[in-house]
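The structure under discussion appears below in the form of structure tokens.
The values are calculated or read from the model by the stated rules, or taken from the named source; none is laboratory data. Please read all numbers here as calculations on a predicted model, not as lab measurements. Here the Cβ positions follow ideal geometry from the backbone for every residue, glycine too, while neighbour counts run over all protein chains shown. Just the protein is used for accessible areas: all its heavy atoms, side chains included, with ligands, DNA and RNA removed. Shrake-Rupley method; radii C 1.70, N 1.55, O 1.52, S 1.80 Å.
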Amino acid sequence: MNILLTSAGRRSYLVNYFKRALGGNGLVHASNSVLTYALQQADKYVITPNIYDGGYIEFLLDYCHKEKISAIISLFDIDLPVLARHKEEFADNGITVVVSDYDVTQICNDKWKTYAFLSGIGVEQSPACLSLDAVRAGLADGKLSFPIILKPRWGMGSIGIYEAEDEEELNLFYKKLNKRIFQTYLKYESSSAVDSCVLLQEKISGQEYGLEILNDLQGNYVTTIAKKKIAMRAGETDIAEIVDAAPFIEIGKNISTHLRHVANLDVDCFVTDSGKIIVLEMNCRFGGQYPFSHLAGVDFPKQIIEWLYHRPTDMSILTPHVGFTSCKDLCPVPFNS
């Protein structure tokens with residue numbers, strides 16, 4: 001079986017996880033619109049057109065035929081809805097795209113839709129809105145209080161997150177963030193709602209946790225993995241400890257059964273001092289916190305491959321060692337372009 005990891009970026013660890021999971025019974029290909037070290041770690045790699053290029057899908061189809069690719073797994077939020085729209089086209093060509101349905105990608109990529117979805121299924125969140133007027137009204141009637149977090153509605157990679165302590169900062173950061181959004185690749189999705197592309201949300205106090213809610217390839221719930229985030233850097237988890245998932249199982253099942261995502265759902269949440277679990281964000285892909293699960297004994301790449309072979313779920317490779325703590329490290333590597 002040959003697998004293509006699209007938009008591999010800097011995720012060399014995932015390339016290597018899938019190579020080990022295949023165990024020599026197939027090749028791991030990686031693609032990206034620019035050359036990265038992660039591509040060089042793959043068995044083969046290809047430079048693709050930009051995701052929004054009109055020839056992107058045709059390029060991938062041609063490459064998959066040429067290299068006998070059986071399955072595609074994307075590692076980047078913007079790539080997900082593009083691939084999701086063409087899942088059937090790939091399936092007609094004998095290629096499985098391991099991606100959630102288009103509507104699911106929209107719920108996860110659009111933080112306002114995330115907020116509405118979670119509210120609708122009874123999952124608690126921090127109050128949020130999409131305009132300065134709504135924030136001011138909430139502050140005036142006591143429904144909101146400072147600090148207020150401002151972030152791109154279609155944000156990723158911790159681009160443009162600000163914390164306003166008062167109204168002066170609120171106005172300044174709102175203006176600055178609007179400008180920042182349209183200087184980055186966030187402009188593509190944000191252009192559909194220029195006047196409401198910033199999410200404003202009351203800051204949550206508490207301990208941050210990361211969840212992986214794992215579904216099978218048909219969208220059926222399998223398990224929830226929980227980790228306590230001990231240290232963060234630039235919005236990504238730097239040090240984490242695997243914890244007992246029992247307090248999070250109900251939320252995991254609730255989200256899974258209503259969302260019916262495919263494979264990995266990366267979830268950020270807080271546990272407040274009063275014990276409430278408040279969910280902030282969801283990403284329907286492998287997230288930056290997955291390596292902590294992998295190092296603790298989980299092998300989700302191997303399980304995905306087993307499912308692609310129509311083999312059953314193996315909980316022995318989806319059960320982490322509780323109490324296991326690990327961290328990320330910076331490691332310079334040679335890069336040959």
Checked pairs for segment 34-54, first open to solvent by less than 30 Å² (accessible area, probe 1.4 Å), second of a type in the set (Phe, Trp, Tyr) and modelled with pLDDT of 95 or more, C-beta under 7 Å and 6 or more apart or across chains, list as LEU39/TYR45; VAL46/TYR63; THR48/TYR56; THR48/PHE59
Any pair with Cβ under 6 angstrom, 6 or more apart, that starts in segment 62-74 at a residue that is touching a residue at least 40 places away in the same chain (Cβ under 8 Å) and ends at one that is in a helix (DSSP H, G or I) and open to solvent by 20 Å² or more (accessible area, probe 1.4 Å): ALA71/LEU308
Testing PRO320 on (1) over 18 Å from ALA240 (Cα atoms); (2) in a loop (DSSP other than H, G, I, E, B); (3) open to solvent by 10 Å² or more (accessible area, probe 1.4 Å); (4) not acidic (Asp, Glu), one condition comes back false. Which one is that? (1)
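Conditions tested, residue by residue: (1) in contact (Cβ under 8 Å) with a residue 24 or more places away in the chain; (2) touching a His at 6+ places or on another chain (Cβ under 6 Å).
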{"position": "ASP77", "(1), (2)": "yes, no"}
{"position": "ASP92", "(1), (2)": "no, no"}
{"position": "SER100", "(1), (2)": "yes, yes"}
{"position": "VAL104", "(1), (2)": "yes, yes"}
{"position": "ASP110", "(1), (2)": "yes, no"}
{"position": "TYR115", "(1), (2)": "yes, no"}
Criterion first (touching a Lys or Arg at 6+ places or on another chain (Cβ under 7 Å), open to solvent by less than 30 Å² (accessible area, probe 1.4 Å) and modelled with pLDDT of 95 or more) does VAL28 satisfy it? yes
Considering only residues that are within 26 Å of TYR63 (Cβ to Cβ), out of contact with any strand residue (DSSP E or B) (no Cβ under 8 Å at 6 or more places or on another chain) and among the hydrophobic types (A, V, I, L, M, F, W, C), which ones fall in segment 95-119? VAL104
Looking only at segment 278-309, which residues are aliphatic (A, V, I, L, M), open to solvent by 30 Å² or more (accessible area, probe 1.4 Å) and either under 20 Å from LYS111 (Cα atoms) or in contact (Cβ under 8 Å) with a residue 60 or more places away in the chain (or both)? LEU280
Any residue at all in segment 256-267 that is of a type outside the set (A, V, I, L, M, F, W, C), in a loop (DSSP other than H, G, I, E, B) and buried (at least 18 other Cβ atoms within 10 Å of the Cβ)? yes
Of the conditions (1) open to solvent by 60 Å² or more (accessible area, probe 1.4 Å); (2) at pLDDT below 95, ILE78 clears all except one; give me its number. (1)
Report yes if some residue within segment 108-122 is modelled with pLDDT under 95 and open to solvent by 50 Å² or more (accessible area, probe 1.4 Å); otherwise report no. no
Among the residues in segment 127-147, are any at pLDDT below 95 and under 18 Å from CYS284 (Cβ atoms)? no
Residues to consider are ILE213, ILE230, ILE239; find the one that is of a type in the set (A, V, I, L, M, F, W, C), under 27 Å from ASP101 (Cβ atoms) and touching a residue at least 40 places away in the same chain (Cβ under 8 Å). ILE213
Go through the residues of segment 217-225 one by one and say whether even a single one is buried (at least 19 other Cβ atoms within 10 Å of the Cβ), of a type outside the set (Ser, Thr, Tyr) and touching a residue at least 60 places away in the same chain (Cβ under 8 Å). yes
Quick one: is LEU83 in a helix (DSSP H, G or I) and either at positive phi or open to solvent by less than 10 Å² (accessible area, probe 1.4 Å) (or both)? yes
